[in-house]
Amino acid sequence: MQDKYDLHCHSTASDGALAPAEVVRRAHQQGVTALALTDHDTTAGLQEAAQAAEDCGIRLIPGIELSAIYANQCLHIIGLNIDAEQPILTEGLIKQQALRQQRALKMAEKLQKKGIAGAYEAVVQAAGNGEITRSHFADFLVAHGHVDNQQDAFDRYLSKGKPAFVATQWASLEDVVGWIRSAGGIAVLAHPLRYKLSFKWMNKALAAFKLAGGQGVEVVTGRASLDDIRLSVQLLRNHQLLASVGSDFHTPENQWVELGRLAPLPAEAEPVWSLFSPRQPPAAEIH
Ligand code: AMP
Ligand code: MN
Ligand code: MN
Ligand code: MN
């Protein structure tokens with residue numbers, strides 16, 4: 001049987017709505033057979049997800065989505081098949097998590113100056129033990145009637161150039177790819193078209209990414225159009241990188257994005273899972 005892959009999604013360990021085990025069970029219900037949980041700058045959900053995956057018989061690929069800086073721009077780098085215990089990675093994550101904490105305080109201060117109080121307490125409460133993200137701020141702004149929806153929150157407050165945006169010195173692209181590689185993982189550039197880079201800068205970024213040890217680019221995402229997919233395949237070809245697929249699922253409330261609901265990968269793109277080790281058969285099947 002052919003595997004059905006979804007190599008990008010979120011749980012309550014960062015800005016997802018479902019607990020790690022719930023994400024895994026939902027993926028299983030949607031027919032996914034190989035899932036990577038990729039929370040923002042944390043591996044905290046992986047253990048729970050691995051247990052749930054074992055219980056329902058799907059393959060869990062330990063993953064992460066790291067924030068990185070390249071030429072003053074924040075890029076998201078997915079790590080697949082990482083060993084979450086590797087110290088170079090865990091030390092890096094401690095720094096990224098401290099940055100998230102400090103940024104949340106600064107964002108709340110900026111909102112306070114705009115007359116919006118109580119954001120910090122609200123996002124800390126909403127994130128619980130998970131990492132605080134801008135999505136938590138967006139939810140807070142929606143809940144308190146400052147904006148109509150998440151998109152509006154980003155457009156009016158949270159995106160670059162807007163009143164609550166705080167530029168953050170995430171680790172460099174080179175460092176982040178290095179952490180993933182040192183943890184035995186595969187580094188994949190997430191949603192390449194979402195950064196709105198010019199063709200020239202995208203090619204520069206991909207060249208730097210590859211030089212640092214990056215191996216893949218997300219070609220099929222939950223929201224990619226056929227044109228997007230074609231364009232991404234072109235980027236792969238130019239840089240001889242492998243193709244990844246991932247829904248970037250966050251919540252069942254977003255009816256446009258579902259676990260495993262992904263356009264097929266074009267035949268000319270070599271998939272990133274050609275680098276995965278073969279799936280181990282369950283113990284009972286070994287004779
Ligand atoms: P952060 O990593 O904390 O800056 O948060 C980034 C997250 O915010 C992304 O992973 C998305 O889940 C969400 N996000 C970013 N931009 C938008 C947007 N324009 N509309 C809705 N959600 C967004
Ligand atoms: Mn997110
Ligand atoms: Mn992302
Ligand atoms: Mn994501």
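The values are calculated or read from the model by the stated rules, or taken from the named source; none is laboratory data. Nothing here was measured: the structure is a model prediction, and the numbers come from that model. Virtual Cβ from ideal backbone geometry, glycine too; neighbours counted across all protein chains shown. Each accessible area value is taken on the protein alone, full model and side chains, heavy atoms only, with ligands, DNA and RNA left out. Shrake-Rupley method; radii C 1.70, N 1.55, O 1.52, S 1.80 Å.
In segment 145-287, the ratio of gyration radius to Kirkwood radius, Rg to Rh, stands at 1.03 when only Cα atoms are counted. Summarising the strand pairing of the chain, around 40 percent of its internal DSSP beta bridges are antiparallel. Available extension along the chain between residue 72 and residue 3 is 21.1 nm, counting 0.36 nm per residue and deducting the alpha carbon span.
Sequence-distant contacts, meaning Cα pairs under 8 Å at least 6 residues apart, place the relative contact order of segment 53-158 at 13 percent.
Here the calculated FRET efficiency for residue 29 and residue 142, from their Cβ-Cβ distance with R0 = 30 Å, stands at 0.60, rounded to the nearest 0.05.
Full extension of the segment from residue 90 to residue 112, taken as 0.36 nm per residue of separation minus the current Cα-Cα distance, would add 4.6 nm. The simple spin-label model puts a point 7 Å past each Cα toward its Cβ; for residue 230 and residue 263 those points are separated by 0.9 nm.
Applying the Karplus relation 6.51 cos²θ - 1.76 cosθ + 1.60 with θ = phi - 60° to segment 255-269 yields 3J(HN,Hα) values of 6, 8, 10, 10, 3, x, 8, 9, 5, x, 6, x, 4, 7, 8 Hz, where x marks Gly and Pro. Applying 1/(1 + (r/R0)^6) with R0 = 30 Å to the Cβ-Cβ distance of residue 47 and residue 275 gives a FRET efficiency near 0.80. For segment 39-161, the alpha carbon positions stretch 47, 36, 22 Å along the principal axes, listed from largest to smallest. Legend: Rg and Dmax of segment 11-65, from Cα coordinates, 9.7, 27 Å. Packing here is the average count of other Cβ atoms within 10 Å per residue, and on that basis the peptides 44-50, 229-235, 87-93, highest first, run 44-50, 229-235, 87-93.
Computed over the chain, relative contact order equals 20 percent, with contacts defined as Cα pairs under 8 Å that lie 6+ residues apart. Our analysis of segment 53-110 gives Rg over Rh at 1.10, with the two radii drawn from alpha carbon positions and Rh computed by the Kirkwood formula. In the chain, helical runs assigned H by DSSP with n ≥ 4 each contribute -39500 (n - 2.57); averaged across all residues and rounded to the nearest 500, the mean residue ellipticity at 222 nm is -11500 deg cm²/dmol. The fraction of Cα-Cα pairs per 10 angstrom bin, counted from 0 for segment 105-190, comes to 17, 40, 25, 16, 2 percent, rounded to whole percents. Under 25 °C and 0.890 mPa s, how fast does the chain diffuse according to Stokes-Einstein, given a Kirkwood radius computed over C-alpha pairs? Answer in µm²/s, whole number. Estimated diffusion coefficient is 127 µm²/s.
In this label model, residue 167 and residue 54 are separated by 4.7 nm, measuring between points 7 Å along each Cα→Cβ vector.
Computed over segment 186-279, relative contact order equals 28 percent, with contacts defined as Cα pairs under 8 Å that lie 6+ residues apart. For segment 73-224, the spherically averaged projection of the C-alpha convex hull amounts to 9.6 nm². Average accessible surface for the chain: 49 Å² per residue, computed with a 1.4 Å probe over protein heavy atoms with every protein chain in place. Taking amide H as placed 1.01 Å from N in the peptide plane, residue 66 has its amide H under 5 Å from the amide H of 41, 77, 78, 79, each at least 5 places away in sequence or on another chain.
Projecting label points 7 angstrom from Cα along Cα→Cβ for residue 101 and residue 223 puts them 3.1 nm apart. Could you list, in their original order, any pairs among 106/160; 106/162; 4/196; 106/204; 160/204; 110/200 whose Cα atoms are separated by more than 24 Å? Check vs 24 Å cut-off fails for 4/196; 106/204; 110/200.
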